[in-house]
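Notes for the one structure printed next.
The values are calculated or read from the model by the stated rules, or taken from the named source; none is laboratory data. Fair warning: this is a prediction, and the values are worked out from it, not measured in the lab. Using ideal geometry, Cβ is built from the backbone for each residue, glycine included, and neighbour counts are taken over all protein chains shown. Please note that ligands, DNA and RNA were not included when accessible areas were found on the heavy atoms of the full protein model with its side chains. Shrake-Rupley method; radii C 1.70, N 1.55, O 1.52, S 1.80 Å.
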Amino acid sequence: MKTDDRNINWVREPRLGLAGRSYLLLFVQGLTTTLRHFFSRKKTVQSPEERHEIPDPPIYRGVHRLNRDQRGRVKCVACFLCATACPADCIDIVAAESPWTDREKYPQSFTIDELRCIFCGMCEEACPVDAIELTSLYDLSGKSREEMIFDKEKLLSVYDQTKNTEPMITKRD
Amino acid sequence: MATIIIDNREIEIPAGRRLNGIEAARLVGVEIPHYCWHPGLSVAGSCRMCLVEVGTRDPKTGEIAMQPKLVPACNTIVADNMVIVTNSEKVARARAMVEEDLLLRHPIDCPICDKAGECLLQDYHFEYGQPERRADIRPFTSRRRDLGDVTLFVDRCVMCSRCVRFAREISGTCELMITGRGAREEIDVVAGFPLNNKLSGNVVDLCPVGALGDKDFLYRQRVWYLRRHRGVCTGCSTGCSIWIEENQDRVWRIKPRENPFVNKWWICNDGRYDYPHVHDPRRLTQPWGRETGITDTRDWIDLPKELNRSLGEAGRLAAVISPFLTVEEAYLLCKLIRGIDAEAPLVIGPVPEVGEEERFPGGFTIRAEKCPNRRGVEAVIAHFARRVATFDELLTELDQDALQGVWVSGGYKHEWIGQATAARFERLKLLVVQDLFPSPLSERATYLLPGAAYPERDGSYVNHADRLQSVRRAIRPPAGVRTEGSVCWELLGRKGLYNARAALDEIAREILYFSVAADTAPETGIDLKANLLAG
């Protein structure tokens with residue numbers, strides 16, 4: 001690169017005047033911002049005593065739940081599409097023949113490693129029977145890694161816990 | 001010689017070859033969709049998916065006259081001057097119509113169907129079907145019926161009748177039939193006579209849709225997780241070509257691999273369901289050594305040195321070469337033992353024989369000799385020792401205390417040695433046992449080495465008809481297990497990792513019987529007999 005290239009537009013820093021060099025103006029500007037926030041309405045939520053307000057719970061991507069059908073059975077048909085779609089490989093399903101006459105296949109075990117999950121919602125997207133959904137529960141905590149691997153019962157209990165506040169988004173039964 | 005034109009491309013078919021439209025189109029790289037036709041079965045012409053336009057070209061004027069109706073390509077034997085069009089609007093419309101008709105009463109339960117992912121109905125629908133379903137039928141769950149060896153999902157069936165023809169023509173057992181007529185046609189068996197024969201698993205592979213389910217595989221894995229590897233069945237000396245389908249080092253199913261010289265398109269159920277021993281929790285996974293009566297684990301880092309020293313100090317050696325070993329492994333083991341003791345007797349391990357040879361009307365044969373490589377191992381031993389000693393001869397020598405050290409390679413899938421026989425190895429100074437499972441013999445071993453199962457081996461097998469097939473491993477051995485080949489490779493002081501191909505090249509140079517195997521490895525195997533005739 002040549003320095004006298006005509007295509008190069010050389011920009012020089014403007015020279016600072018007295019006000020600029022004293023930084024006084026910038027100081028006042030910064031302090032104004034601080035003071036404005038100091039006296040404005042507080043947005044900090046005192047979690048966990050206070051709950052964060054979620055504007056649209058159905059589209060929030062929190063902890064998973066496994067929905068139940070009308071007879072209270074797990075709705076999942078163990079098609080493995082969520083596990084296939086999962087970019088984090090956190091879903092593990094063991095399929096088996098269902099114990100019910102009207103259903104063919106069901107998940108004998110269904111576990112989600114919530115620590116591995118990236119909460120992208122692809123499983124919900126892939127599910128052909130609307131069995132897996134992401135709830136608006138966001139405060140996920142546990143004392144060990146094992147505790148954070150949610151099994152079928154745990155995921156169904158999340159459904160029981162949230163079914164009244166967040167109805168199933170479903171097009172079929 | 002016949003000249004035909006397929007989609008404006010002219011091909012010549014050599015005289016004496018009788019091809020139908022589908023096979024001829026394949027020669028120019030055109031795939032005609034079909035459900036009911038299968039190269040190994042008779043032509044039914046019932047699915048109507050392979051409809052094409054057919055005409056003739058006048059050899060003198062070059063004028064082409066097309067037939068007004070579409071004809072099934074599967075039932076059209078190509079003849080000189082025939083013109084076949086597969087890419088016209090008319091053909092495309094016919095295919096879309098067939099697809100629509102098939103889907104009229106199809107349950108569309110793909111999410112729970114085991115075939116989803118390798119289903120012809122899915123594939124053809126994406127390629128040739130209409131984007132929209134005009135019939136107003138909601139997805140439903142298919143009815144299920146137990147046919148014996150397999151499960152039938154009644155409503156998924158497209159009535160291609162491949163399974164019925166298979167039972168009539170190949171297995172010759174005729175259990176399956178079609179009941180009802182028209183739209184109420186169903187596959188069924190006569191009450192009290194279920195599908196129960198040694199080739200029944202093939203109907204599941206034949207089924208182009210998910211109507212026939214393998215009870216062993218049902219619901220266990222989705223097919224898109226499986227990776228398939230070329231393999232050779234080790235169930236009997238037929239040595240069928242197989243696909244070993246695995247997911248993360250776990251074998252999930254075995255499927256036949258087309259090989260016109262060995263098994264055509266089929267395998268028997270014995271071979272198909274012969275993989276559970278690979279994942280048996282009782283398998284040996286740790287090398288053990290015994291010194292002054294104390295048995296302790298060994299690690300693979302120091303063990304080779306220790307083994308080499310013990311073998312060198314033992315005195316008169318002998319080796320039992322299992323007929324489950326590959327040619328390369330047998331060769332390396334013979335070389336190892338003969339390198340230490342040049343007069344060591346080389347013994348072929350007991351060759352399991354069960355029942356009698358079973359031959360099916362379609363030509364498929366299940367042999368009584370239940371090991372894959374007796375011929376290969378015998379040829380290798382004959383090269384080193386001139387005489388293949390039998391296991392009984394070894395036992396006699398053991399009774400006479402003529403031997404001090406014996407290396408026994410096992411690899412047997414089932415119990416193969418009794419307490420009484422094993423007791424005759426008692427007085428040996430050194431007994432190295434390499435096997436899959438604990439046995440009365442392994443209890444007496446000075447060194448117990450875990451052996452590999454067949455999907456874990458690299459190497460070649462020679463079947464009953466002197467056909468050599470080379471395969472690569474499908475899965476990795478469990479932690480702690482090393483294949484017989486890699487152990488011998490290291491004991492021989494060879495550099496790098498065990499390389500079956502290099503070993504086979506060496507064998508081909510040294511042993512006349514294997515000389516055609518040098519540098520070539522066709523997927524269908526090499527006939528070693530041709531070489532014997534030349535030699």
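Based on DSSP, what percent of beta bridges with both residues in the protein assembly as shown are antiparallel, to the nearest 5?
75
Under 20 Å Cα to Cα from A:LYS43, which aspartates and glutamates show up? Leave out anything in the same chain fewer than 8 places away.
A:GLU53, A:ASP56, A:ASP139
Could you check the simple spin-label distance between A:ASP4 and B:SER515, using points 7 Å along Cα→Cβ, in nm with one decimal?
Simple spin-label model gives 8.0 nm for this pair.
Which three numbers, in whole Å and largest first, are the semi-axes of the equivalent ellipsoid of the protein assembly as shown derived from its Cα gyration tensor as √(5λ)?
The three semi-axes for the protein assembly as shown are 54, 44, 30 Å.
For the stretch B:288-534, I need the span (max minus min coordinate) of the C-alpha atoms along each principal axis, in Å, sorted largest to smallest.
Over the stretch B:288-534, Cα extents along the principal axes are 56, 42, 36 Å.
Can you give the FRET efficiency for B:GLU258 and B:ASN75, using 1/(1 + (r/R0)^6), R0 = 30 Å, r = Cβ-Cβ distance, to the nearest 0.05?
For B:GLU258 and B:ASN75, the calculated efficiency is 0.85.
Between B:GLU443 and B:GLN248, what is the FRET efficiency for a Förster distance of 30 Å, r being their Cβ-Cβ separation, to the nearest 0.05?
Given R0 = 30 Å and the Cβ-Cβ separation, E is 0.35.
Taking the highest mean first, how do the peptides B:321-330, A:92-101, B:368-377 order by number of other beta carbon atoms within 10 angstrom per residue?
B:321-330, B:368-377, A:92-101
How large is the accessible surface of B:LEU492 in square angstrom, using a 1.4 angstrom probe and rounding to the nearest 10?
50
How many nm is it between the label spots at B:ARG230 and B:LYS215, if each spot is 7 Å from the Cα in line with the beta carbon?
A separation of 3.4 nm, rounded to one decimal place.
Note the full-extension length gain between B:ASP280 and B:ARG134 as 0.36 nm times their separation in residues minus their Cα-Cα distance, in nm to one decimal.
Working it through step by step, the gained length comes to 47.5 nm.
For the stretch B:171-250, compute Rh as the Kirkwood radius over C-alpha pairs and then the Stokes-Einstein diffusion coefficient at 25 °C and 0.890 mPa s; write the answer in µm²/s, rounded to an integer.
160
I'd like the carbon and sulfur percentage of the solvent accessible area for chain A, probe radius 1.4 Å, heavy atoms only, ligands and nucleic acids excluded.
Roughly 54 percent, rounded to a whole number.
To one decimal place, what Kirkwood hydrodynamic radius in Å is obtained for chain B from all pairs of distinct Cα atoms?
So the Kirkwood estimate lands at 26.2 Å.
State, in angstrom, two size descriptors of the stretch B:116-240 derived from its alpha carbons: Rg to one decimal place and Dmax to the nearest whole number.
When restricted to the Cα atoms of the stretch B:116-240, Rg and Dmax are 16.3, 54 Å.
Of the GluC sites (Glu not before Pro) in the stretch B:1-102, which ones lie in a loop per DSSP and count no more than 11 other C-beta atoms within 10 Å?
Filter output for the stretch B:1-102: B:GLU31, B:GLU63.
Could you calculate the FRET efficiency of A:ASP69 with B:ARG472 from 1/(1 + (r/R0)^6), where r is the beta carbon distance between them and R0 is 35 Å, rounded to 0.05?
Efficiency, from the Cβ-Cβ distance: 0.15.
List the residues of the stretch A:85-123 that lose 30 Å² or more of accessible area once all protein chains are present, compared with their chain alone (1.4 Å probe, heavy atoms only, no ligands or nucleic acids).
Those residues are A:GLU97, A:GLU104, A:LYS105.
Provide, as a two-decimal number, the C-alpha radius of gyration of the stretch B:2-87 over 2.2 N^0.38 Å, N being how many residues it has.
Here the Cα radius of gyration is 1.03 times the empirical estimate.
Throw me the Rg/Rh for the stretch B:26-185, computed over C-alpha atoms with Kirkwood Rh, two decimals.
When Rh is taken as the Kirkwood radius, the ratio is 1.01.
Give me the number: length gained by fully extending B:PHE391 to B:GLU313, i.e. 0.36 nm times residue separation minus the C-alpha to C-alpha distance, one decimal in nm.
So the extension gain works out to 25.7 nm.
Return the residues of the stretch B:82-120 for which accessible area with all protein chains present is lower than in the chain on its own by 10 Å² or more; set the probe to 1.4 Å and exclude ligands, DNA and RNA.
Correct list: B:PRO111, B:ILE112.
Between A:LEU115 and B:GLU63, what is the spin-label point distance in nm, taking each point 7 Å from the Cα along the Cα→C-beta axis?
Placing both labels 7 Å along Cα→Cβ, they lie 8.2 nm apart.
Need the per-residue list for the stretch B:207-245: every residue with at least 40 Å² less accessible surface in the complex of protein chains than in the chain by itself, probe 1.4 Å, sorted by number.
B:TYR219, B:ARG222, B:TRP224, B:TYR225
Could the peptides B:285-297, B:210-222, A:16-28 be put in order, highest first, of the mean number of other beta-carbon atoms found within 10 Å of their residues?
With the highest mean Cβ count within 10 Å placed first, the list reads B:210-222, B:285-297, A:16-28.
Using alpha-carbon pairs under 8 Å, 6+ residues apart, how would you state the relative contact order of the stretch B:2-87 in percent?
Once divided by the residue count of the stretch B:2-87, the mean separation gives 39 percent.
Which one, B:ILE32, B:GLY376, A:CYS120, projects farthest toward the positive side of the charge dipole computed for the protein assembly as shown from Cβ point charges (K/R +1, D/E -1)?
Value: A:CYS120.
Could you work out how far the C-alpha centroid of the stretch B:450-473 sits from that of the stretch B:260-337, in angstrom?
Comparing the Cα centres of the stretch B:450-473 and the stretch B:260-337, I get a distance of 13 Å.
How would A:LYS143, A:LYS2, B:LYS264 line up by accessible area, probe 1.4 Å, largest first?
A:LYS143, A:LYS2, B:LYS264
Chain pair A, B: how much accessible area is buried, both chains summed, with a 1.4 Å probe, in Å² to 100?
1200
List the residues of the stretch B:246-266 whose backbone N lies under 12 Å from a point placed 7 Å from the Cα of B:THR524 along the Cα-to-Cβ direction.
What the label zone holds, given the 12 Å backbone N cut-off, is B:258-265.
Keeping all protein chains in place, calculate the accessible area per residue for the protein assembly as shown (probe 1.4 angstrom), answer in Å².
51
For chain A, what are Rg and Dmax over the alpha carbons, in angstrom?
Rg, Dmax (Cα atoms, Å): 26.9, 87.
How large, in percent, is the carbon and sulfur part of the accessible surface of chain B at a probe radius of 1.4 Å?
Heavy-atom surface of chain B belonging to carbon and sulfur, 1.4 Å probe: 50 percent.
Tell me, how many Å apart are the Cα centres for the stretch A:1-30 and for the stretch B:1-79?
Distance between centres, Cα-based: 80 Å.
In the stretch B:1-55, what trypsin sites (Lys or Arg not before Pro) fall in a loop by DSSP, with at most 14 other Cβ atoms inside 10 Å?
Answer in residue order: B:ARG17, B:ARG18.
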